[in-house]
1. Is it the case, given these coordinates, that THR165 is β-branched (Val, Ile, Thr) and either touching a Pro at 6+ places or on another chain (Cβ under 6 Å) or open to solvent by 70 Å² or more (accessible area, probe 1.4 Å) (or both)?
2. Could you tell me whether any residue of segment 237-249 is under 21 Å from THR159 (Cα atoms), at pLDDT 90 or above and touching an Asp or Glu at 6+ places or on another chain (Cβ under 7 Å)?
3. Restricting attention to segment 108-139, report how many residues are open to solvent by less than 20 Å² (accessible area, probe 1.4 Å), hydrophobic (A, V, I, L, M, F, W, C) and at pLDDT 95 or above.
4. Of the residues SER243, SER234, SER228, only one is touching a residue at least 40 places away in the same chain (Cβ under 8 Å) and in a loop (DSSP other than H, G, I, E, B); which?
5. Filter segment 201-231 for residues that are touching a helix residue (DSSP H, G or I) at 6+ places or on another chain (Cβ under 7 Å) and charged (D, E, K, R) and give the result.
6. Sort through GLY8, GLY43, GLY18 and tell me the only one that's at positive phi, at pLDDT 90 or above and not polar (S, T, N, Q).
7. Of the residues that make up segment 203-211, is at least one at pLDDT 90 or above and either open to solvent by 20 Å² or more (accessible area, probe 1.4 Å) or within 18 Å of the chain's Cα centre (by Cα) (or both)?
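The values are calculated or read from the model by the stated rules, or taken from the named source; none is laboratory data. Not measured: the values here are computed from a predicted model. A quick note on method: Cβ atoms are made from the backbone with ideal geometry, for glycine too, and the neighbour counts reach across all protein chains shown. Side chains included, ligands, DNA and RNA excluded: accessible areas come from the protein's heavy atoms. Shrake-Rupley method; radii C 1.70, N 1.55, O 1.52, S 1.80 Å.
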Amino acid sequence: MKDVLVIGSSLVACTLGGNWMDWMKSEKYRFHNYGINGVQIPGIIDQIQNNSIPVSLKPAMIILMAGGNDLSASLKESEKIQGYEKMMAGRLGRPKSSPEQFHLELTELINLIKERYDVPLIISNIKPIGEDINGKLNDVVRTFNKVIETVIAENKNLTLLDVHTPLAALANQAKDVIKNPIGSDDISAILDPQRMITVFLYNKFSFGWYSLNDLGESRGFYSTCDGSHFNERSTAIVAQCASETLDALNK
């Protein structure tokens, strides 16, 4: 069984939605989850530099799934979640970001990882925001994903984990299922902290009465449970993508 270090944001921490690592239930890989809710790339740099990941851990492969919080910090003031800058600064991130800043910080993180771990590094692209794939917010997602692709092309021994393509296809199904979808050009409506907390509590204390799919659909989402985090549908997709990518490197 090979050890896999997984670092990134809440989509790795998996406390607010589906856990794609548990979903895989692989006999080939043992996952070491060091995700941090709300973290940006600079926070992961600090996490490694401060030895928050045990130096005794010797992974065979590493998965990085981050960038969504950096993207959100790049949005214009009118498009940001209220209080977002203060929250991000408290996460060892940057109160403001840009695709250019993201490129520099992602490159710095990759260099740091390569210095510490001489193993294959898998980098996930960023999933869609909301379910209007052609909306302006997802234009920003595509811009940041191009940065990720560029950084991968600039470095050796890096592999893309493409979750965006299948999750975009899933989100496109929303219009046929959800009667009152959340408007996807308003990030504050999509990423509502109060909704995230409510869904988390329902999921934690309903003893399985509500699925993450149910919780998402009742709030206007088909591909997430709360506008941001994975439900069972998206969890299964990410688990399959990760499994296929790991297996391809493990041949």
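1. Criteria met by THR165.
2. Yes, segment 237-249 contains at least one residue that is under 21 Å from THR159 (Cα atoms), at pLDDT 90 or above and touching an Asp or Glu at 6+ places or on another chain (Cβ under 7 Å).
3. Selection size over segment 108-139: 7.
4. Unique residue meeting the criteria: SER228.
5. ARG219, ASP226
6. Going through GLY8, GLY43, GLY18 in turn, just one is at positive phi, at pLDDT 90 or above and not polar (S, T, N, Q): GLY8.
7. Yes.
So that you can scan it fast, the table gives a plain yes or no per residue for (1) touching a residue at least 40 places away in the same chain (Cβ under 8 Å); (2) among the polar types (S, T, N, Q); (3) touching a helix residue (DSSP H, G or I) at 6+ places or on another chain (Cβ under 7 Å):
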site	(1), (2), (3)
ASP3	yes, no, no
VAL6	yes, no, yes
ALA13	no, no, no
LYS25	no, no, no
HIS32	no, no, no
PRO42	yes, no, yes
ASP46	yes, no, no
ALA60	yes, no, no
ALA73	no, no, yes
